[in-house]
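In what follows, a structure is listed as structure tokens, so that the remarks can point back to it.
The values are calculated or read from the model by the stated rules, or taken from the named source; none is laboratory data. Predicted, not measured: the structure shown is a model, and the values here were computed from it. Methodologically, a virtual Cβ is constructed for each residue, glycine included, from the backbone with ideal geometry; neighbour enumeration extends over all protein chains shown.
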Amino acid sequence: MKRAVISGKFPEFITALEHFDYEVIKVQPYKNNFDNPESSHADMQVLNLDNKSIILLKNNDYLNNKITGFYQDTSIEIIITDNDIDKFIYPECVKLNIAIVGDYAIGNFKYSDNTVINALETYHYKCINVKQGYAKCSISIISDNAIITSDTSIFRAVQGKFDCLKISEGHISLCEKYGGFIGGASFLLDKSTLAFTGDITAHPDYINIKSFCRNHGVNVLSLSKSPLCDVGGAVII
């Protein structure tokens, strides 16, 4: 069974995933932080280490019980963080916000939970430390050796390690107060399809994004005709 973990606040994208035969696990606002849009984002509450291990936030009973129930009799290791999040504000909220790209892990590890650091060492990931705490939010993963980002620190840090397309900042909504990121507005539906939560054709760098993805054997897909929106991506397990 294919499963996707995604924010429960966006019915149109949940329906789209179900159309592609995914069983959807809906993420609820962490500790009832309903006024914070990030608190229901999948990339804040779940870290999938290439289906070898899934790391989950402490004291997140609904989501943790759901995922543990699905995978407790499999080879996938379920890890709960040592610490939970007292206040869902930056940088405390980015304990799990790490991008896994092939053999590499990209993040600001100063803010990562100890369980994340230990798991990355256990599974021998090569760590790339960046200034951006919202690393996973800022990175659209195209393949094991290709990413898209608007973040200059990430773009510079990955040079010589894998292919990276640098796009312009902005053009992605999050809420009335803040803008969003390309990683939170996209996810690999499968190895050959990059899905966007909104209309990617309206992005000013659409042609370059489409060409870059095709060069890596990946097609782009808009899940709606609405403006691009950072929903915290989706964690595919």
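Quick notes on this structure:
- Within region 53-95, if we keep just the residues that are of a type in the set (Lys, Arg) and within 22 Å of Asn108 (Cα to Cα), the residue that is modelled with the lowest pLDDT turns out to be Lys87.
- A count restricted to region 107-130 and to residues that are of a type in the set (S, T, N, Q) and assigned to a loop (DSSP other than H, G, I, E, B) stands at 2.
- Of all the listed residues (Leu120, Leu17), the sole one being modelled with pLDDT of 95 or more and more than 23 Å from Ser153 (Cβ to Cβ) is Leu17.
- Restricting region 191-210 to residues that are among the hydroxyl-bearing types (Ser, Thr, Tyr) and more than 19 Å from His171 (Cα to Cα), the residue that is surrounded by the most Cβ atoms within 10 Å (Cβ to Cβ): Thr193
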